[in-house]
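To keep things clear, I will list the structure first and then write my remarks on it.
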Amino acid sequence: MPNSSRVVPFKGQRYSPIRRKCARKNALFVDGEFPPSGSSIYHSRPAPADIIWKRPKDIVADPKFFIDKASADDFAQGEIANCWFVAACACIAEDSRMWKKIVPDYKSQEWSPDNKYVGMFHFNFWRCGVWHSVVIDDYLPTRQGRLIFLHSKSRNEFWSALLEKAYAKLFGSYEALSGGKARDAMVDMTGGVGESLEISNFRSEDERMRLFTILHKAMDYKSLMSSSIMARSAADMEAKLSCGLVKGHAYSVTDVKKIPLKGTCTSLFNFLNRDKILMIRLRNPWGGMEWRGPWSDGSIEWKKVSEKEKKDLGLTFDDNGEFWMSFDDYCRYFTNIDICHIINTSLLSLKKTWKEVVIENEWRRPQRAGGCGNHRTFLNNPQYLFKLSEDEEEVLLSVEQEDRRSVGIRDNNYVIGVTIMKTDLNRKCRMHDKQERVHAGPFVQSRSVFARVTLPKGIYCFIPSTFDPGQEGRFIMRFYSANVVSYKELKRDVPKPPGCFGDPAQFATAVNIVNAEKPVNKQGDNKDLEMYCIILCEKKEIRTPAVKLSEKWNHRATFYRKKPNEDIEIQVWETNLLRDAMLGSVTLPMSKAHEYTGGNIIRRYDLTIKGDDDKTERTGFIWLNVFHTPNLDLV
């Protein structure tokens, strides 16, 4: 499991030793790993000749790292099309807990008489499970004495420009920041979990309410959000709509509220239940250009809200790029939402606490890069066994690949996804056949994928994969549940022989209990019976979860066998408060093992039990799929 708090020096550059060395020599730092030259700006073409690199002290007389504190007003986008990064920065600047992670020891980085100036700064970014400390010099690209990329609205504040430079170094150039997902930048600056939502997937009124609830809860948990209107062509990119919104442009989501409307309240009950409107507040990182429709700055709709409520909202009508919209209008215009979930794992919190599992691995050829379930090599991917012990448990799952731009590869990120299958109750080795699939995808070309899945109690195999086979790269999988889960990576293809001289398994027998039919107890009643099965094989005993007759069964156990001629017994039991009672059993004669080599053949067997007169009575039926093979790599 990775240590998410550890910080490693990017490109081996350690901030403190380099800073001390420069201070001793009374020299200003020049970064040889990201030099003040055209190659640091553009990787595909030469930089324009009129761009001049300058240090802040050569741009203004009184440079400052921060003026007062970090705020969303500190960011004005420059010539690079990286509004996704600017929107993420604006989200993070509002929360001091967040930006202090990115800007370590920020006070000692300030220009002041107490800090020896050496022209050097550093920032932390999270990438695929590890925090990286990125060191930079303070040379910045200018034209006619002004910064040409990200900058603060105050001309002598430089932390946003230096932050962008460090992020560009992580990607290899400023140009590499052109086009991206705000979600990815928010994850890089927080270590949170990214999720993308398409508003078109929430069409009905109930689904829209569910979407509002997701966003409202995310805001309550201090998660970060950005939203955009899809540009369907290059000509559409940055197109300005008559309502004031811009296509292909990332907006920060800064609040999600149910705002009470004014009205006559004759009782406390009426006051608590008065009309509320679902609202969302956004910020344009360009500033200035805002929404012009209902509930825009100064619009007549705000007369429906009390002055106290406006004050509580901190409502202003400044021309600062921030505006409110009704949630209905928001869903009408915007198409995508990026969320960076800040998931609460604190045991001391009063809010819902999630248990976290973090797994780092890689897809690598020839045996661990099998592609998605469309390919016969799918089960060659890394496999993870998870045991969930609570009924109907909601789990959150994220798979993130290493950003191919940040490792010097200019190709697009892979199409990735995750598949969840039910697996054997006693599974210890890798799966070699596909079982019931409970979740798959969606597979998307994205740095990360996120899934919310509600799973019943059981044993599951999680398989993260690329869509196409043979694609190599690192990934991190993060799993969150309200309860502690046990998990492990499945590494062995077949069981290891016991001891130094133990006999290896010769056959594998997979027994899948599909369902039962008409089992009755002594009262002759099968209504609401809660039953479980016990499978007995070579002194091993596997018990299935308890289910009702009307419910879905499909529980499988696989036995790797040294004595393949021994029979297998399946018993069906009724759960009772004081003492469980056996309803019947069936014995699978392995002298007829040839009947079990057909694969997916489901057969009905009699359930029998000995009566009081020692005679065998049939008590019902059980449906089984049994597969017996000498090839241990088939199950």
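The values are calculated or read from the model by the stated rules, or taken from the named source; none is laboratory data. Model, not experiment: these values are computed from the prediction. Positions of Cβ are backbone-derived with ideal geometry, glycine not excepted, and every protein chain shown enters the neighbour counts.
On the given criteria, is PRO48 surrounded by 12 or more Cβ atoms within 10 Å (Cβ to Cβ), at pLDDT below 95 and in a loop (DSSP other than H, G, I, E, B)?
Judged against the criteria, PRO48 is a match.
Checking the conditions here, which among LEU140, LEU150, LEU163 is crowded, with 18+ Cβ neighbours inside 10 Å, in contact with a Gly (Cβ under 6 Å, 6 or more places away or on another chain) and under 25 Å from SER40 (Cβ atoms)?
Residue meeting the stated conditions: LEU150.
So, GLY180, is that one surrounded by 20 or more Cβ atoms within 10 Å (Cβ to Cβ), touching a His at 6+ places or on another chain (Cβ under 8 Å) and touching a residue at least 12 places away in the same chain (Cβ under 8 Å) or not?
no
Regarding SER5, is this residue modelled with pLDDT under 95 and either among the aliphatic types (A, V, I, L, M) or under 23 Å from TRP126 (Cβ atoms) (or both)? Full working, then the answer.
On the way: modelled with pLDDT under 95: yes; either among the aliphatic types (A, V, I, L, M) or under 23 Å from TRP126 (Cβ atoms) (or both): yes.
Against the criterion (modelled with pLDDT under 95 and either among the aliphatic types (A, V, I, L, M) or under 23 Å from TRP126 (Cβ atoms) (or both)), SER5 qualifies.
Does ILE609 fit the bill of being free of Cβ contacts under 8 Å to residues at least 40 places away in the same chain, among the hydrophobic types (A, V, I, L, M, F, W, C), within 17 Å of ASP424 (Cα to Cα) and surrounded by 15 or more Cβ atoms within 10 Å (Cβ to Cβ)?
Spelling it out, it is not the case that ILE609 is free of Cβ contacts under 8 Å to residues at least 40 places away in the same chain, among the hydrophobic types (A, V, I, L, M, F, W, C), within 17 Å of ASP424 (Cα to Cα) and surrounded by 15 or more Cβ atoms within 10 Å (Cβ to Cβ).
Residues checked against (1) more than 35 Å from the chain's Cα centre (by Cα); (2) in a loop (DSSP other than H, G, I, E, B); (3) exposed (fewer than 15 other Cβ atoms within 10 Å of the Cβ); (4) in the same structural domain as ARG427 (by TED's automatic domain parsing):
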{"site": "VAL514", "(1), (2), (3), (4)": "no, no, no, no"}
{"site": "VAL520", "(1), (2), (3), (4)": "yes, yes, no, no"}
{"site": "MET531", "(1), (2), (3), (4)": "yes, no, no, no"}
{"site": "GLU551", "(1), (2), (3), (4)": "no, yes, yes, no"}
{"site": "ALA557", "(1), (2), (3), (4)": "no, no, no, no"}
{"site": "TYR560", "(1), (2), (3), (4)": "yes, no, no, no"}
{"site": "VAL572", "(1), (2), (3), (4)": "yes, no, no, no"}
{"site": "HIS594", "(1), (2), (3), (4)": "yes, no, yes, no"}
{"site": "GLY598", "(1), (2), (3), (4)": "yes, yes, yes, no"}
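Name the single residue that is nearest to ALA49 (Cα to Cα) among those in segment 156-173 being out of contact with any strand residue (DSSP E or B) (no Cβ under 8 Å at 6 or more places or on another chain) and in a loop (DSSP other than H, G, I, E, B).
Per the criteria, the residue is SER173.
Just the residues that are over 37 Å from the mean Cα position of the chain (by Cα) and assigned to a loop (DSSP other than H, G, I, E, B), please, taken from segment 23-36.
Once the filter is applied, which keeps residues that are over 37 Å from the mean Cα position of the chain (by Cα) and assigned to a loop (DSSP other than H, G, I, E, B), segment 23-36 yields ASN26, ALA27, LEU28, PHE29, VAL30.
Quick check: anything in segment 467-488 surrounded by fewer than 14 Cβ atoms within 10 Å (Cβ to Cβ) and without any contact (Cβ under 8 Å) to a residue 60 or more places away in the chain?
no
Is it the case that HIS628 is in contact with a Cys (Cβ under 8 Å, 6 or more places away or on another chain), of a type outside the set (S, T, N, Q), within 30 Å of LEU379 (Cα to Cα) and in the same structural domain as LYS518 (by TED's automatic domain parsing)?
no
Take the residues of segment 589-635 that are hydrophobic (A, V, I, L, M, F, W, C) and closer than 16 Å to ASN515 by Cα: which is modelled with the lowest pLDDT?
Within segment 589-635, the first condition is being hydrophobic (A, V, I, L, M, F, W, C), and the residues that meet it are 590, 593, 601-602, 607, 609, 621-624, 626-627, 632, 634-635.
Checking the rest, the ones that are also closer than 16 Å to ASN515 by Cα come to 601-602, 607, 621-624, 626.
Numbers: ILE601: 89, ILE602: 93, LEU607: 94, PHE621: 93, ILE622: 95, TRP623: 95, LEU624: 95, VAL626: 95.
Per the stated criteria, the residue is ILE601.
Please find, within segment 388-400, the residue that is surrounded by the most Cβ atoms within 10 Å (Cβ to Cβ) out of those that are under 13 Å from LYS355 (Cβ atoms) and not aliphatic (A, V, I, L, M).
Among those residues, the one meeting the criterion is GLU393.
For segment 278-300, what are the residues that are at pLDDT 90 or above and either over 18 Å from LEU261 (Cα atoms) or assigned by TED's automatic domain parsing to the domain that holds PHE75 (or both)?
Matches in segment 278-300: LEU282, TRP291, ARG292, GLY293.
On the basis of being farther than 22 Å from HIS555 by Cβ, of a type in the set (A, V, I, L, M, F, W, C) and either part of a strand (DSSP E or B) or within 20 Å of the chain's Cα centre (by Cα) (or both), does VAL438 make the cut?
Judged against the criteria, VAL438 is not a match.
Can you tell me which residue within segment 301-355, out of those that are small (Gly, Ala, Ser) and in the same structural domain as MET219 (by TED's automatic domain parsing), is modelled with the highest pLDDT?
Top of the filtered list is SER326.
All but one of (1) part of a loop (DSSP other than H, G, I, E, B); (2) closer than 27 Å to ASP255 by Cα hold for TRP324; state the number of the condition that does not hold.
(1)
What pairs come up if the first residue lies in segment 43-62 and is aromatic (Phe, Trp, Tyr), the second is part of a helix (DSSP H, G or I), and their beta carbons are under 9 Å apart, counting only those six or more places apart or on different chains?
TRP53/SER40
For the list (1) without any contact (Cβ under 8 Å) to a residue 60 or more places away in the chain; (2) at positive phi, I need the number of the one condition that SER96 fails.
Status for SER96: all satisfied but (2).
Could you check how many residues of segment 300-356 are under 21 Å from ILE214 (Cα atoms) and either in contact (Cβ under 8 Å) with a residue 24 or more places away in the chain or not charged (D, E, K, R) (or both)?
Residues that pass the stated criteria total 32.
When you scan segment 365-377, do you find a residue that is among the charged types (D, E, K, R), within 26 Å of HIS341 (Cβ to Cβ) and not assigned by TED's automatic domain parsing to the domain that holds GLY129, even just one?
no
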